[in-house]
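The values are calculated or read from the model by the stated rules, or taken from the named source; none is laboratory data. Just so we're clear, the structure is a prediction, and the values are computed from it rather than from any experiment. Heads up, the Cβs are rebuilt from the backbone with ideal geometry, glycines too, and the neighbour counts pull from every protein chain shown. These accessible areas exclude ligands, DNA and RNA; they are computed on the full protein's heavy atoms, side chains included. Shrake-Rupley method; radii C 1.70, N 1.55, O 1.52, S 1.80 Å.
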Amino acid sequence: MPDLPATETEAAAELETLAAQIAYHNARYHTDDAPEISDADYDALVRRNAAIEAAFPAAVRTDSPSRTVGAAPAGHLAKVAHAKAMMSLDNAFADEEVEEFVARVRRFLKLADDAPVALTAEPKIDGLSCSLRYEEGRLVQALTRGDGQVGEDVTANVRTIGDIPQQLKGKAPAIFEVRGEVYMAKDDFAALNARLTAEAEETGKDARQFANPRNAAAGSLRQKDAAVTASRTLRFLAHGWGEASVVPGETQAEVLDTLRGWGFPIADGFARVEGTAAALDVYRKIEAERADLPFDIDGVVYKVDRLDWQARLGQVAKAPRWAIAHKFPAERAQTLLERIDIQVGRTGAMTPVARLSPVTVGGVVVTNATLHNADEIERLRVRPGDRVLVQRAGDVIPQIVENLTPDAEREAYVFPHVCPECGSAAEREEGEVVYRCTGGLICPAQRVERLIHFASRHAFDIGGLGQTLIEAFFRDGLIESPADIFRLTEEQLAARKKDGRVWAAKVIAAIETKRTIPLDRFLFSLGIRHVGEITARDLARRYVSARALGSVLRHAVFLRGQIEPVIGEPERKFVLRRDKLLVGAIETAGIGPEVASALVGFCAEPHNRRVVFDLLREVKPADVVHETRESPVTGQILVFTGSLETLSRDEAKAQAEALGARVAASVSSKTGLVIAGPGAGSKLKKATDLGIRVITEAEWAAIVAS
C-alpha cells in the first residue's frame, strides 16, 4: 500500500477520489452485475480508504464507503425494505488481522487476554446475497440484499431453485428469515455460456457471455421472467438469519445445524473451532481445496459462536463486530499498458485510467485499471508501451502493482496540465495529490457529472433519469443545468423513441413528483465540494428553511469579501483566519474551515448563484420537520468516567449512541449525564460542581435494559 498522505488536505483529496471510485464500482458490481475490476483491487481501494480515514479522522467524508453497504436496487424489480438490515463484512488479509479481530472481541467484552473465544469458519461463497422469509414454515418472500436496507423482490424466481425448500421440515418458528448466497456452480456456468453461444449462432445475433459465475447467478436471479431463471441452474447455501420470532439455538453452530435439519444446504467446509490458530488452520485447508470446489469462493468467514456475545458486540456503521471475512491473496497477470486516459469528475478531479490489452485475471477479462493520480504514475514510472503486472482479488477492482519494464527506452509520461474535455488549465493546490480542471460549469464533463449527481438516488432521486439519458439529453442540447430537467416536455421526449409516448409520460411524471424536495437533499444535489449528505442534513436541521439558510450564506459571502490580509501576513495564515471567521458565520456543528470555505466559495460564484436561482423557480425545498426518539438520554451529551466493571468503554459508547445520545471525553456545561465507576476523579468532581446528574454503572444498565 502506498505511503499515507502527509497532510489532512492531501488526505481529503484522495478520500474524495476513492469515494467516487468505490461508489462507481459498487454500482457496477451490485446493481449492474457487470464489475470492471477484481475483488482484490476493490478491496485495495477500500483498505486504502480505511487507512487514510484512520490516520485523518477529521477528513472522513459524509459519503464515505465505510458507511455504505452494497448499492441501490435495480429499477425493474419491486423494492422492499428488509425487516432487519443485511450487513456487509469487514475484511482481513493477513493472519495478524485475524488475531487482532479476536483480540478486539476480547477487549470489547472485557475478557482476559487468554480467555477462549469459539469461532465458526466457513467458505465465503462468491454469489448473490439473498434473504428468504418463512412464516409458519412456508416461504412467503425472497429479497436480494440491495443496499442493505432495501432489497429487490425475487420471490417468484427463488421458487425455481431446487436447493430452497418451499416448506421447512419439522417444527419452525412463526417468523424466520434464512440468509445465504444464491450461486452458480462452475460447471453450470460453463454450460450456460456454451448454450448462449449456440443460441446466438442459430439466430445470427451476438452471443451474451457472462464474465464469471457470480455475474451469471445475479443476472439469472434478477430476471423479470421467472421462466428464464428456471432455465438456468442456480443453487443456494445458507449461512445466517435475519428477523426471527425465535432463534433455535444459543450458538451460531447450533442454528446452522437447525437450518440443515429444515432442508437447507450448508457449506461443506463449515466448522466450529476454538481460537485463532484453529481458525487459520481451516482457512489454509479451504484455500488448498479452493480450485477443486464446485463453486467460486474468495475467502473464509469467521463468526463469534456465542449468540449472546454477538448481541453484546453489536455492529458498526455497516458491519457486525462479531464477524470478519479473511480474504484470499490477490490474483495477478501481466499485460501491455496501451494508453493512459484522463477522466474528469464532478468536482473537476482528473483521474488517470490505464487502458490495457485484455487479460484474464481470476476468470474475468480486465481491460482497465486505475492509476489513482499523477504521483502514482510517477511512483510506478509507467508509460504507454510498458509491460505491467495487474492485480485483482476476487471479482471486483484491478490496479497496476508493478511496472515490469521501467528501464525500457521510452519517454516519461507527462500528466496533462489542461483539461482533456474543455481545455481549461489543470491545477493542483498545495498539499493535494489531485489535479483539477479549473473550468467549473463551462467544462462539459463536470456539467454532465453534476447533472448525473443531481438526479441520483441520494439527491433528487428522479426515477428513470439515469446516466445514459442525462448524457444523451446534454449531448443533444435538451438540458444544460438542473432547472432544464424540470422544463422538459413529453413532446421532446416522445420524439426520441418509436412509440415513445408512454415512456415520455413516465419520465415527466417522475420529474414532476420532485418539484418539492427536502432541504437537505436539495443542498446535497448541488454537488458542492465537501458538502455530502450528513453536512447537508446538519445545515438543514440547523436553519430549518431555505430562506433562513440563504440569508446566513449571503451574509457569509459578504463577510468573505470584507476580510483582507493584514500587512505582512503570510497567505496561509490569512486563509486560516478567514476560514475560521466563516465557520463562525455559518455556526453549524460539524462544519469546519474546509467545508465552510468550499460552501461560501460556491455561493460567491455568480454563475453558481444563477444556477441555484434558476432551479428555485422550478422546485421548492421543504422546511425541516424534526423527529424525536423515545429515550431518556436522546439528544444528551454523556460522559463515562472511572472504571467500568461489566462492559468496555467501546460497548458503553455503542449503547449510548444506540439510544440517541452522544459521548464526550470531558465534562462541560453542555453535559447532560455522567456515568461514574470506581476511581472517578476530576470529571466526577467537575460534574458535581456544575450540578450535572451522576449515575452508577448499574443505573446505566437499567436505562439500557428499559
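For the stretch 268-279, a residue qualifies if it is open to solvent by 10 Å² or more (accessible area, probe 1.4 Å) and touching a strand residue (DSSP E or B) at 6+ places or on another chain (Cβ under 9 Å), and the qualifying residues are D268, G269, F270, A271, R272, V273, E274, G275, T276, A278. A single entry from L451, L469, L488, L493 fulfils the requirement of being under 21 Å from L18 (Cα atoms) and either touching a Cys at 6+ places or on another chain (Cβ under 8 Å) or not acidic (D, E) (or both): L451.
Of all the residues in the stretch 653-682, those that are outside any loop (DSSP other than H, G, I, E, B) and open to solvent by 70 Å² or more (accessible area, probe 1.4 Å) number 4.
Beta carbons closer than 9 Å, at least 6 apart along the sequence or on distinct chains, never pair a first residue in the stretch 648-660 that is at pLDDT 80 or above with a second that is assigned to a helix (DSSP H, G or I) and hydroxyl-bearing (S, T, Y).
Filtering the stretch 220-240 to residues that are in contact with a Leu (Cβ under 8 Å, 6 or more places away or on another chain), under 21 Å from M86 (Cα atoms) and open to solvent by 30 Å² or more (accessible area, probe 1.4 Å) leaves only H239.
Looking at the stretch 312-324, which of its residues are within 24 Å of A267 (Cα to Cα) and either in a loop (DSSP other than H, G, I, E, B) or modelled with pLDDT under 95 (or both)?
A319, P320, R321, W322
Can you report the number of residues in the stretch 280-296 which are open to solvent by 30 Å² or more (accessible area, probe 1.4 Å), among the hydrophobic types (A, V, I, L, M, F, W, C) and not in a helix (DSSP H, G or I)? So the answer is 1. T258 versus (1) farther than 24 Å from P116 by Cα; (2) of a type in the set (V, I, T); (3) in contact (Cβ under 8 Å) with a residue 12 or more places away in the chain: which is the lone unmet condition? Failing condition for T258: (3). Just so you know, in the stretch 137-156 the residues that are under 17 Å from A244 (Cα atoms), among the aliphatic types (A, V, I, L, M) and more than 26 Å from the chain's Cα centre (by Cα) include one that is surrounded by the most Cβ atoms within 10 Å (Cβ to Cβ), and it is L139.
Taking the criterion of being part of a strand (DSSP E or B) and hydrophobic (A, V, I, L, M, F, W, C), the residues of the stretch 115-146 that qualify are A118, L119, A121, I125, L128, C130, L132, L139, V140, A142, L143. The condition of being of a type in the set (S, T, N, Q) and under 31 Å from the mean Cα position of the chain (by Cα) holds for only one of T588, T489, that being T588.
For the stretch 686-693, state whether one or more residues are buried (at least 19 other Cβ atoms within 10 Å of the Cβ), in a helix (DSSP H, G or I) and at pLDDT 90 or above. So far as the stretch 686-693 goes, yes, one or more of its residues are buried (at least 19 other Cβ atoms within 10 Å of the Cβ), in a helix (DSSP H, G or I) and at pLDDT 90 or above.
Counting residues that are open to solvent by 30 Å² or more (accessible area, probe 1.4 Å), which helices (runs of 4 or more DSSP H) fully inside the stretch 427-543 reach at least 3? Steps first, answer last, please.
Working: elements: 444-455, 467-475, 482-485, 490-494, 501-512, 519-525, 533-543.
Here the list reads 444-455, 467-475, 490-494, 501-512, 533-543.
Would you confirm, using the coordinates I've provided, whether P265 is in contact (Cβ under 8 Å) with a residue 60 or more places away in the chain, more than 17 Å from D163 (Cβ to Cβ) and either open to solvent by less than 50 Å² (accessible area, probe 1.4 Å) or not polar (S, T, N, Q) (or both)? Considered against the rule, which asks whether it is in contact (Cβ under 8 Å) with a residue 60 or more places away in the chain, more than 17 Å from D163 (Cβ to Cβ) and either open to solvent by less than 50 Å² (accessible area, probe 1.4 Å) or not polar (S, T, N, Q) (or both), P265 comes out as no.
Residues in the stretch 325-373 that are in a loop (DSSP other than H, G, I, E, B) and open to solvent by 30 Å² or more (accessible area, probe 1.4 Å) were compared, and the one that is modelled with the highest pLDDT is H372.
Residues of the stretch 187-211 that are touching a helix residue (DSSP H, G or I) at 6+ places or on another chain (Cβ under 7 Å) and at pLDDT 85 or above: F189, L192. When A174 is tested against (1) in contact (Cβ under 8 Å) with a residue 40 or more places away in the chain; (2) surrounded by 14 or more Cβ atoms within 10 Å (Cβ to Cβ), only condition (2) is not met.
Taking the criterion of being open to solvent by 100 Å² or more (accessible area, probe 1.4 Å), in a loop (DSSP other than H, G, I, E, B) and at pLDDT 80 or above, the only residue of the stretch 606-636 that qualifies is R617.
Consider the stretch 41-82 and keep the residues that are at pLDDT 80 or above and either on the phi > 0 side of the Ramachandran plot or β-branched (V, I, T) (or both). The one that is surrounded by the fewest Cβ atoms within 10 Å (Cβ to Cβ) is V60. Could we say that V448 is closer than 28 Å to A426 by Cα, in contact with a Phe, Trp or Tyr (Cβ under 7 Å, 6 or more places away or on another chain) and without any contact (Cβ under 8 Å) to a residue 40 or more places away in the chain here? So V448 fits the description; yes.
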